[in-house]
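These notes concern the structure reproduced below.
The values are calculated or read from the model by the stated rules, or taken from the named source; none is laboratory data. These figures come from a predicted structure and were not determined experimentally. Reconstructed Cβ throughout: ideal geometry from the backbone, glycine too, with neighbour counts over all protein chains shown.
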2 protein chains.
Amino acid sequence: MSGHIAIAGGGLVGSGWAIVFARAGESVRIYDADANIRNGIMDVIRGQLEDLKDNRLVDDVNAILDRIQVCSTLQYAIGGAIYVQESVFEQTDVKTEISAAIAPLLSDGAVVGSSTSGIPASDFTENLTNRNRFLVAHPVNPPYLAPIVEIVPTPWTDESAVESAMALMRTVGQSPVLVRREIKGFLLNRLQGALLREAWALFEGGYASAEDIDKTVSEGLGLRWSFMGPFETIDLNAPGGVKDYAERLGPLYHAIDASRDNPQPWSPDLIRAVEAERRTVLPKADLAKRRNWRDRRLMALAAHKASLKD
Amino acid sequence: MSGHIAIAGGGLVGSGWAIVFARAGESVRIYDADANIRNGIMDVIRGQLEDLKDNRLVDDVNAILDRIQVCSTLQYAIGGAIYVQESVFEQTDVKTEISAAIAPLLSDGAVVGSSTSGIPASDFTENLTNRNRFLVAHPVNPPYLAPIVEIVPTPWTDESAVESAMALMRTVGQSPVLVRREIKGFLLNRLQGALLREAWALFEGGYASAEDIDKTVSEGLGLRWSFMGPFETIDLNAPGGVKDYAERLGPLYHAIDASRDNPQPWSPDLIRAVEAERRTVLPKADLAKRRNWRDRRLMALAAHKASLKD
């Protein structure tokens, strides 16, 4: 591909994206307005790449680092880029400001994807002259371990911009999904929110501890979900496929739905109770250590999935 | 432990349970009323054990088989058992009949766990004199690959019966969770139902294809969920733990909740549309082949998880 990839915002999300693109052989220019962050980016990235290498997920750390350049001006980062991944702070006014700064620097045919996890791009691109080149490209953190990317066009995004973002994500080894219309929370956080809401409700009703609700997922439902989604799961769980499953088990699920109370916000009392249980299982001082454990497990899972033939 | 494990019902669930207990060194007696099923059970189990051995999940197939005895009378299977896993057809009258047959054969202190995925045990044990020894022990299929077991006491189940079922499940390497009070769908199917309901709603709204909704789980959310549940996930996803996460992201999830329509049954049109998409991706004739793929993946995942130190 001719032209480089630009990344605007050098925090954890931006540096994770730099790894994704550089690992796939792309040249990356990464910009952050904060000189302290700029000075630290390469060390952060090197640390993450060493971890990946320890888990046999990358071979040559230095070759990947050589493809990443930290830039001190937005102009130099964006100029000539075929794709820009915007990864600044999750706030509409901050997104509006950076998008307005990127827009005049953008090459013809380039696309800008925002890493936002919840703000539709129409909220911060409406007044740009080339707003048809902007969309959301929402990753899971860290993107070099979780391949999903939600591509969410605005009502004014060009079809060609969508196609080129989807194609680029596939080229660099990610798994893009197309969210055809903007919706609050996109797919990923809506699905996560639905599971969480039921988890909170079960805890609130006193049916089980947070630990046992967690186990029901990590030792049960989540095993399949790490390699197949909910529709394929039920498609394979009845002799005749999804329609057969819906006929057999639809009534049970509808009865469950009917037994649910109306959606309720997570109340302060409820949050306090779950927080208290979690802090018994995992003291606050151990949160960081457990996050490292999680990342090692994610790496081991990524290596496991990569080792499988199909 | 003195005394054997009895299994009533020799279908897929019952023979899966036989593997769980015999693999852990327990003596197992398995009964089915149907002579054709009785004659086939050991071949089914041998096939499953060979698969497990190929994936290095068991060592000695014959030693495990030697611990399993197929019985032609319920009396011989149940007599002297310390625990009975009832795994007959999922229908209240069938469960009522087998429970009434098991009750008078039960040794003092023995416990009966039903494999039912949806019927609370109070629906089919109320009139038994020793109803205080009955509860639900709901597995995921196949139980020798998915360790979760939901232990659901009725209002009249002895605390000691609950404790002994939980302890036995831990002893044989399963992960029991305690559902403190009966609720439709228990934990597992309520959590699955919540995710499915959102998946159907996203498809119905035209936001994404079933395939892309599936990918959002299998290449994103489900990676973490294969080793940690929803509460631990959010507990590690904010610097200060679950309370901090709820403060930061609660408003987004509440807004998502508020944007949902009321729960709606999966409509026939909707089911037809998903069925049509699934049959494009996976023709009906290939369903069985894909189920074999799923089981190989579950085995590989079980081996992967077993290979990790923590």
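Among what's in the stretch A:39-66 and is part of a loop (DSSP other than H, G, I, E, B) and either in contact with a Gly (Cβ under 7 Å, 6 or more places away or on another chain) or hydrophobic (A, V, I, L, M, F, W, C) (or both), pick the residue that is farthest from A:Ile5 (Cα to Cα).
Within the stretch A:39-66, the first condition is being part of a loop (DSSP other than H, G, I, E, B), and the residues that meet it are A:55-60.
Next, only the ones that are either in contact with a Gly (Cβ under 7 Å, 6 or more places away or on another chain) or hydrophobic (A, V, I, L, M, F, W, C) (or both) stay: A:57-58.
Values: A:Leu57: 22, A:Val58: 20 Å.
Here the residue is A:Leu57.
From the list A:Leu106, A:Leu128, A:Leu135, which residue is crowded, with 24+ Cβ neighbours inside 10 Å and in contact with a strand residue (DSSP E or B) (Cβ under 9 Å, 6 or more places away or on another chain)?
Details: A:Leu106 fails: crowded, with 24+ Cβ neighbours inside 10 Å; A:Leu128 fails: crowded, with 24+ Cβ neighbours inside 10 Å.
Exactly one residue qualifies, and that residue is A:Leu135.
Among the residues of the stretch B:214-240, count how many are more than 19 Å from A:Ser209 (Cα to Cα), among the aliphatic types (A, V, I, L, M) and at pLDDT below 95.
Result for the stretch B:214-240: 2.
Of the numbered conditions (1) farther than 18 Å from B:Val152 by Cβ; (2) in a loop (DSSP other than H, G, I, E, B); (3) at the interface with another protein chain (Cβ under 7 Å from one of its Cβ atoms), B:Pro239 satisfies every one except a single condition; which is it?
(3)
Suppose the filter is β-branched (Val, Ile, Thr), farther than 28 Å from A:Glu232 by Cβ and touching a strand residue (DSSP E or B) at 6+ places or on another chain (Cβ under 9 Å); does B:Thr216 pass it? Walk me through how you get there before you give the answer.
Values: β-branched (Val, Ile, Thr): yes; farther than 28 Å from A:Glu232 by Cβ: no; touching a strand residue (DSSP E or B) at 6+ places or on another chain (Cβ under 9 Å): yes.
Answer is no for this residue.
When you scan the stretch B:259-271, how many residues do you find that are at pLDDT below 80, assigned to a helix (DSSP H, G or I) and within 7 Å of chain A (Cβ to nearest Cβ)?
Start the filter on the stretch B:259-271 by keeping residues that are at pLDDT below 80, which leaves B:259-267, B:270.
Add one more test, that the residue is assigned to a helix (DSSP H, G or I), and what stays is B:259, B:270.
Restricting the remaining residues to those that are within 7 Å of chain A (Cβ to nearest Cβ) gives B:259.
So the answer is 1.
Quick check: anything in the stretch A:234-248 closer than 25 Å to B:Val177 by Cα and over 18 Å from the mean Cα position of the chain (by Cα)?
Yes.
Can you confirm whether the stretch B:76-88 contains a residue that is surrounded by fewer than 18 Cβ atoms within 10 Å (Cβ to Cβ), aromatic (Phe, Trp, Tyr), in the same structural domain as B:Leu145 (by TED's automatic domain parsing) and free of Cβ contacts under 8 Å to residues at least 60 places away in the same chain?
Yes, that holds for at least one residue.
Of all strands (runs of 3 or more DSSP E) completely enclosed by the stretch B:101-206, which ones contain at least 3 residues that are more than 11 Å from chain A (Cβ to nearest Cβ) and of a type in the set (A, V, I, L, M)?
In the stretch B:101-206, the matching strands (runs of 3 or more DSSP E) lie at B:134-139.
Looking at A:Val111, A:Val94 in this structure, which one is touching a residue at least 12 places away in the same chain (Cβ under 8 Å) and within 24 Å of the chain's Cα centre (by Cα)?
The match here is A:Val111.
Among the residues that make up the stretch B:281-290, is at least one of them in a helix (DSSP H, G or I), β-branched (Val, Ile, Thr) and facing chain A (nearest Cβ under 8 Å)?
The initial filter retains those residues of the stretch B:281-290 that are in a helix (DSSP H, G or I), namely B:281, B:284-290.
Cutting the leftovers down to β-branched (Val, Ile, Thr) gives us B:281.
Right, trim to facing chain A (nearest Cβ under 8 Å) and you get none.
No, the conditions are met nowhere in the stretch B:281-290.
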